[in-house]
Amino acid sequence: GVKQADKLIRFYSKQLNKYLMKKNYIPAVLSQKGYEKVRRYIESNYAKILPYFSYYVRKCTNENRMFENHKKLCMSSDIHKNRPVMLHIGGYYDTYVTNIICGRSLLSNDCFEGSVAIPFPKYSFQNKLKSIEFSNMNNEIGVSTIAITSDNCLILFTRNNRTATDDSGLLIPSGTGSASDTDYCENNFLQSVLNGINRELLEETSLINKKNIEYTTKITGYFRWMEKGGKPEFVGVTKFRNVTLADIQCEKSEVCQLQTQDVSFNNYSELKELINKYINKDNISVPLHMSLLFLRNAMKSKCRCEICKLLFE
């Protein structure tokens, strides 16, 4: 079979990832101008979008899946070296009717041909993904991390079938989801992303209300998820200093099973073997695939010493 991750086109820049790993601070500006553009786009395409939205509401209701309009932290611009990243607050419904449905057709039993409601955001004069500032997608920020326990185990989960995501039944990272409005750190883009990563991690490992948890998270990469209209996604690696695999419990509303077999390692070489083993599995989600890929890249880059210090000291 074809791996789930191979079915989906990814886009990323090795140079940008190296830049992100070196930086401790990137400025950010929160403005609703980007959201106003998204809302105008949704309103102008309302008649085409409504059937998709109605269909998914029925689907989630029938399957007892959550489909809620939580407030999300979204990107209104790309990452530039000499400019702050523009951000806005949008809802998950805005993401669904832009990023999620773009390039898709809705078919019925009576008609097996359907027109695309939202075209894929590419430049008309070249086969190239549009920059975020020129895209009409909501572009909520995806966040994921692979966490490593103090007893050197990878924390991996299986996604349950209650969430609105498409990766139910697949192996997912230790924490994965999207940045919320409450994750925003004033004028600090990287910290806002890290806040989202860490919150998702602590929620899905059921550690969110535990005190004195010690850990460090480092961003290892950024990609745009092409099947979701170029949705921005950030991944990282987290090292727990005082949490073992036995301390981890599933957050039942998000995940249904903790992977306990073939997750431990003793040294750098064994960690590389584990990464290579899981990255080639058929049943991994795109965020897990990219998290493993970027961790492997980081371990081979000039940041290798820094990553090894984080994970093994």
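Taking each DSSP H run with n ≥ 4 as -39500 (n - 2.57) and averaging over every residue of the chain yields -9500 deg cm²/dmol at 222 nm.
Apolar share of the accessible surface for the stretch 160-313: 43 percent from carbon plus sulfur atoms, 1.4 Å probe. Positive end of the dipole of the stretch 242-309 (Cβ unit charges, origin at the Cα centre): among Thr244, Gln257, Tyr268, the Cα lying farthest that way belongs to Tyr268. Max-minus-min Cα coordinates of the chain on each principal axis give 56, 46, 37 Å, with the largest extent listed first. Solvent-accessible surface (1.4 Å probe) assigned to Lys281 amounts to roughly 60 Å².
Straight-line cross-link reach from Lys48 at under 20 Å between alpha-carbon atoms covers these aspartates and glutamates, not counting any fewer than eight positions away in the same chain: Glu36, Asp94, Asp110, Glu113, Glu227. Kindly list the residues of the stretch 242-273 that lie in the label zone of His70, defined by a backbone N under 16 Å from the point 7 Å along the Cα-to-C-beta vector. Correct set: 251-256. The lysines within cross-link reach of Lys281, meaning a Cα-to-Cα straight distance under 21 Å and a gap of 8 or more places when in the same chain, are Lys3, Lys7, Lys272. How many percent of Cα pairs in the stretch 115-215 exceed 22 Å? Counting pairs separated by more than 22 Å, the tail of P(r) holds 47 percent.
Counting only Cβ charges, +1 for Lys and Arg and -1 for Asp and Glu, the dipole size of the stretch 185-254 around its Cα centre is about 160 debye. Does the stretch 204-313 classify as rounded, prolate or oblate by the C-alpha gyration tensor (a ≥ b ≥ c root eigenvalues; a/c under 1.5 gives rounded; else a/b over b/c gives prolate, otherwise oblate)? In terms of gyration-tensor shape, rounded.
Magnitude of the charge dipole for the stretch 78-218, about its Cα centre and with charges confined to Cβ atoms of Lys, Arg (+1) and Asp, Glu (-1), is about 340 debye.
The charge dipole of the chain, taken about the Cα centre with unit charges on the Cβ atoms of Lys, Arg (+1) and Asp, Glu (-1), comes to about 1040 debye, rounded to the nearest 20. Legend: distances between Cα atoms for Lys81/Lys302; Lys18/Lys128; Lys211/Lys302; pairs beyond 27 Å are Lys211/Lys302.
The values are calculated or read from the model by the stated rules, or taken from the named source; none is laboratory data. Being a predicted model, the structure only gives us computed values, none of them experimental. For neighbour counting, all protein chains shown are included, and Cβ atoms are generated from backbone atoms with ideal geometry for every residue, glycine included. For the accessible areas, the whole protein counts, side chains as well, though only heavy atoms, and no ligand, DNA or RNA atoms are used. Shrake-Rupley method; radii C 1.70, N 1.55, O 1.52, S 1.80 Å.
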